[in-house]
1. Output the residues belonging to region 67-90 that are touching a residue at least 40 places away in the same chain (Cβ under 8 Å) and either among the small types (Gly, Ala, Ser) or not in a helix (DSSP H, G or I) (or both).
2. Among the residues of region 52-66 satisfying the criterion of being among the β-branched types (Val, Ile, Thr) and part of a loop (DSSP other than H, G, I, E, B), which is surrounded by the most Cβ atoms within 10 Å (Cβ to Cβ)?
3. Criterion first (modelled with pLDDT of 90 or more and surrounded by 12 or more Cβ atoms within 10 Å (Cβ to Cβ)) does Glu33 satisfy it?
4. Out of contact with any Gly (no Cβ under 7 Å at 6 or more places or on another chain), among the acidic types (Asp, Glu) and modelled with pLDDT under 95, is that true of Asp91?
Amino acid sequence: MNATWLQQQVHTQNLANLETPGYKAKSVVFERELRRSTDRYGGTAATRPALRVRVTEESDSEIRPDGNNVDADAESVELYKAYAHYSMLLDKIKKEVDINNYVLANAPR
């Protein structure tokens, strides 16, 4: 959840700097790291090393003559995807908590 929250913050920052000359778009890299960690170590989350989340700068492209490379449409789509993913994870955690609360409330005493 922390990584998806960070994704939202980074995409928001990119959109806020849409008109800043020389600004380079940033992105969060964690899904590739998660996949690589899962492939390499398998097993459960307890047996895998901590997931690394990195913010990278996309300095190899320029969309505008002033050096800014923020694509507003792409950033908006990625921001929405991060928001939807975060909301889904939050709902999943809430359901798990609700189930645990139900079991605890209805367990024989």
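1. The answer is Gly67, Asn68, Asn69, Val70, Asp71, Ala72, Ser76, Ala82.
2. Val53
3. In short, no.
4. The answer is no for Asp91.
The values are calculated or read from the model by the stated rules, or taken from the named source; none is laboratory data. Note that this is a predicted model, so its numbers are computed, not measured. Note that we place each Cβ from the backbone using ideal geometry, even for glycine, and neighbour counts take in every protein chain shown.
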